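Asks: Quick one: this structure, given as structure tokens, is what I'll be asking you about.
The values are calculated or read from the model by the stated rules, or taken from the named source; none is laboratory data. It should be emphasised that the depicted structure is a prediction, and the values quoted were computed from it without experimental measurement. Note that we place each Cβ from the backbone using ideal geometry, even for glycine, and neighbour counts take in every protein chain shown. Surface accessibility is based on the protein's heavy atoms, side chains included, excluding ligands, DNA and RNA. Shrake-Rupley method; radii C 1.70, N 1.55, O 1.52, S 1.80 Å.
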Amino acid sequence: MTLFEKSVAGRSAFSFGFEEDRAVAERYVPEFARAAVKPLPQVAELDLVRHFTNLATMNYGVDTGFYPLGSCTMKYNPKINERMAADPRLTVRHPLDNATDNQGILQMEFELKECLQEITGMDDFTLQPACGAHGELAGMLIIHAYMRDHDAKRTKVLIPDSAHGTNPASATMAGFQVVTVPSNERGGVDMDALDKLMDDTVAAIMLTNPNTVGLFEENITQIAELVHARGGLLYYDGANLNALMGLIRPGDLGFDVVHLNLHKTFSTPHGGGGPGAAPVGVKKFLADYLPIPVVVCRDGQYALDENRPHTIGRMSGFYGNTAVLARAYVYIKMMGRDGLLATSRAAVINANYVKALLSPYFPPAYDRPVMHETVLSAKGYDKYGVTLLDIAKRLMDYGYHPPTIYFPHFPPYAEEVMMVEPTESESKETMDSFCDALIKISQEAKENPDLLLSAPHDTVVTRVNETYAARHLVTSHRDKKGT
Amino acid sequence: MKIQSDARYAKSDEWVRVEGGVAFVGVSDYAQGKLGDVVFVGDISVGSTLKAGDLLTSVESVKAASDVYTPVSGKVLEVNHEVTAKPELLNSDAFGAGWLAKIELSNPDELNGLMSATDYAEYRKE
């Protein structure tokens, strides 16, 4: 039941003083005076509190339970991030205040840039892009502008077939033609195919490493040499940097541009459509192309540098999503160099631990050690009349958020594979009981498949008809009264 | 898995059937089974000229979005609006009511490069 359906005329939790305000408005700015109040729900404060408290109990998040959603890095977001981001010294500042008054925020952003430069091995950063795909677009626009100035015939971008769908979308948006590079049987880039495709019309290759199936790109050094020798640039999709912090730096591997999803590796809240941040780092020769303004430090004073003649322009207003950047800054400073290294090591060990426990029941897609996430197959279960979807739904009865299913997308079809990413946050006990649940479900599939086919049974919302919902889209809410 | 005997097949699971010089193009029954419940069939622009292997459209199922390529070159004469309105036709009748486009063949020789029904059955034997 929505708050609107609970509305009873005359009840209220708060008075806006509508009549008084209207009298004032009519006197001074009559064109702004409203004729009537918008039909806001009318409920008592207690009804309001119960409504939202009950909604909150229906939610599932990392703070309530294990959330091994592969590819998404659902790590724990330390509460100190929130405390610091809510500090009035940050929240009461206005971006139109002059730089002298905003030194604290600019210093925080400058130091975050320095941290990210050190972690990635890049020379300069913009903090403006407001989400991962936005960062990809910024990075692709930088490469596009650079090639326009230096080698305009390079109009193509190579992207492995395993790449996340945002990669080809971002390259296309930036004006490139996308060419797909096939994967080899070990899950990496097919070097022969790359050799054939990498010619003087290619501006760059976009790579994710570890790649989208959770494997380290073994030939990265050879790829970098080949692409650079033939005049192309390397773009690093930082979606999976959580596996590499302190171990390897994209800049040292030969990447020229990187974007980082702060909500994954650096523990800022996951989207849900809310504000995000994806800083983009570049090597020195591309620094003039960064979006303006760039936060700089001159003689101990922090400032916004707008003087970048080759800039691709602005990617968002002001300095980007400062409150999100602040959380990442706090996370990095709290963890420190050793903490970040331990984080990546634990993320990799945890994924390999889960893989080892589950392999006898759900064989891994690739027979080699994984990085921070593992792809497991549920192919054999169709003989019991059960699909991966049913297994995932049943997992909810055991109190877990299911892993990512039917992903990665091995072209051309979505196979019966799931991607499990425990992250570094989880204890051995949590991973053990999660694996026990999946092993139990694999037994249930054989003995009592109906239990899976009708799952979930113990959740607030039981099995939904996804096909019907997708074929009959309802995009706006209508209450029972039809208003 | 159903296989239409008078159609020819691409490795990427599209079929083509020629009727009176016009080619009907769609995706195979094998493909629809792999896709799962199809919930959306993308637009195809009538009058556009395509080369064999070009992107024809994309279809979305509850699991994922997949690209569909034209197995033959030519001009798009007509599009099946029934299937864009009712994507479930692709699941229930991939070779019949689920056809996607009619194409005027610019190079009928290309048909020889596609698989016969027998070869395709062998290719997709599970």
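Asks: If we scan segment A:376-397, do we find a residue that is modelled with pLDDT of 95 or more and within 21 Å of the chain's Cα centre (by Cα)?
Replies: No.
Asks: Working only within segment A:417-441, note down all residues that are surrounded by 18 or more Cβ atoms within 10 Å (Cβ to Cβ) and closer than 20 Å to A:K264 by Cα.
Replies: Of everything in segment A:417-441, those that are surrounded by 18 or more Cβ atoms within 10 Å (Cβ to Cβ) and closer than 20 Å to A:K264 by Cα turn out to be A:M418, A:M419, A:V420, A:E421, A:P422, A:T423, A:E424, A:S425, A:E426, A:M431.
Asks: If B:L89 passes every condition in (1) farther than 14 Å from B:E14 by Cα; (2) at the interface with chain A (Cβ under 10 Å from one of its Cβ atoms) but one, which one does it miss?
Replies: (2)
Asks: Let me ask you something else. Determine, yes or no, whether A:A414 is free of Cβ contacts under 8 Å to residues at least 60 places away in the same chain and under 22 Å from A:P456 (Cα atoms).
Replies: No.
Asks: Related question: With respect to A:T201, determine if the residue is in contact with a strand residue (DSSP E or B) (Cβ under 6 Å, 6 or more places away or on another chain) and β-branched (V, I, T).
Replies: Answer is yes for this residue.
Asks: While we're here: From A:A392, A:A470, A:A414, which residue is open to solvent by 30 Å² or more (accessible area, probe 1.4 Å) and within 14 Å of chain B (Cβ to nearest Cβ)?
Replies: Going through A:A392, A:A470, A:A414 in turn, just one is open to solvent by 30 Å² or more (accessible area, probe 1.4 Å) and within 14 Å of chain B (Cβ to nearest Cβ): A:A470.
Asks: Could you list, in sequence order, the residues of segment A:239-255 that are in contact with a helix residue (DSSP H, G or I) (Cβ under 7 Å, 6 or more places away or on another chain) and in contact (Cβ under 8 Å) with a residue 40 or more places away in the chain?
Replies: The answer is A:A239, A:L241, A:N242, A:A243, A:L244, A:M245, A:G246, A:L247, A:R249, A:P250, A:G251, A:L253.
Asks: Separate question: Go through segment A:123-165 and count every residue that is surrounded by fewer than 20 Cβ atoms within 10 Å (Cβ to Cβ) and closer than 30 Å to A:A365 by Cα.
Replies: Count: 2.
Asks: Please go through segment A:198-208 and give me each residue that is touching a helix residue (DSSP H, G or I) at 6+ places or on another chain (Cβ under 7 Å) and surrounded by fewer than 24 Cβ atoms within 10 Å (Cβ to Cβ), ordered by number.
Replies: Listed by number, the residues that qualify are A:M198, A:T208.
Asks: Could I ask something else about it? Filter segment A:367-411 down to residues that are without any contact (Cβ under 8 Å) to a residue 40 or more places away in the chain, over 18 Å from B:K63 (Cβ atoms) and outside any helix (DSSP H, G or I), then give me how many there are.
Replies: Summing the residues that are without any contact (Cβ under 8 Å) to a residue 40 or more places away in the chain, over 18 Å from B:K63 (Cβ atoms) and outside any helix (DSSP H, G or I) in segment A:367-411 gives 2.
Asks: Would you mind finding the one in A:T73, A:T53, A:T100 that is polar (S, T, N, Q) and touching a Lys or Arg at 6+ places or on another chain (Cβ under 8 Å)?
Replies: Testing whether each residue is polar (S, T, N, Q) and touching a Lys or Arg at 6+ places or on another chain (Cβ under 8 Å) leaves just A:T73.
Asks: Against the definition (within 28 Å of the chain's Cα centre (by Cα) and not in a helix (DSSP H, G or I)), how does A:V227 come out, yes or no?
Replies: Here the answer is no, as A:V227 does not meet what is asked.
Asks: Give me the pairs: first residue in segment A:352-366 and under 22 Å from A:E444 (Cβ atoms), second residue in a helix (DSSP H, G or I) and at pLDDT below 95, beta-carbon distance under 6 Å, and six or more apart or on different chains, which are they?
Replies: none
Asks: Looking only at segment A:415-423, decide whether some residue is more than 30 Å from A:N184 (Cα to Cα) and hydroxyl-bearing (S, T, Y).
Replies: No, the conditions are met nowhere in segment A:415-423.
Asks: What tally of residues in segment A:449-472 results from selecting those that are more than 27 Å from A:Y67 (Cβ to Cβ) and in a loop (DSSP other than H, G, I, E, B)?
Replies: Qualifying residue count, segment A:449-472: 1.
Asks: Additional query: Have a look at A:S12, A:S7 and point out the one that is at pLDDT 85 or above, within 22 Å of A:H477 (Cα to Cα) and of a type in the set (G, A, S).
Replies: None of the other options fit; the residue is A:S7.
Asks: Exactly one of (1) within 13 Å of chain A (Cβ to nearest Cβ); (2) within 14 Å of the chain's Cα centre (by Cα); (3) closer than 19 Å to B:I3 by Cβ is unmet by B:D67. Its number?
Replies: (3)
Asks: Taking segment B:25-41 on its own, how many of its residues are open to solvent by 30 Å² or more (accessible area, probe 1.4 Å) and either at the interface with chain A (Cβ under 8 Å from one of its Cβ atoms) or assigned to a strand (DSSP E or B) (or both)?
Replies: Result for segment B:25-41: 3.
Asks: Consider A:I332 carefully, then state whether it is in contact with a Leu (Cβ under 6 Å, 6 or more places away or on another chain) and not hydroxyl-bearing (S, T, Y).
Replies: No.
Asks: I would also like to ask the following. Restricting attention to segment A:36-61, report how many residues are within 19 Å of the chain's Cα centre (by Cα) and either farther than 22 Å from A:M335 by Cβ or open to solvent by 40 Å² or more (accessible area, probe 1.4 Å) (or both).
Replies: Residues meeting the conditions: 1.
Residue-by-condition table, conditions (1) hydroxyl-bearing (S, T, Y); (2) touching a residue at least 60 places away in the same chain (Cβ under 8 Å); (3) assigned to a helix (DSSP H, G or I):
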site: A:D149; (1), (2), (3): no, yes, yes
site: A:A152; (1), (2), (3): no, no, no
site: A:H164; (1), (2), (3): no, yes, no
site: A:T180; (1), (2), (3): yes, no, no
site: A:R186; (1), (2), (3): no, yes, no
site: A:A193; (1), (2), (3): no, no, yes
site: A:G214; (1), (2), (3): no, yes, no
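Asks: Output the residues belonging to segment A:1-35 that are under 41 Å from the mean Cα position of the chain (by Cα) and of a type in the set (K, R).
Replies: Hit for segment A:1-35 is A:K6, nothing else.
Asks: Failed condition for A:D432, given (1) within 14 Å of chain B (Cβ to nearest Cβ); (2) more than 24 Å from the chain's Cα centre (by Cα), with all others met?
Replies: Only one criterion in (1) within 14 Å of chain B (Cβ to nearest Cβ); (2) more than 24 Å from the chain's Cα centre (by Cα) is unmet by A:D432, namely (1).
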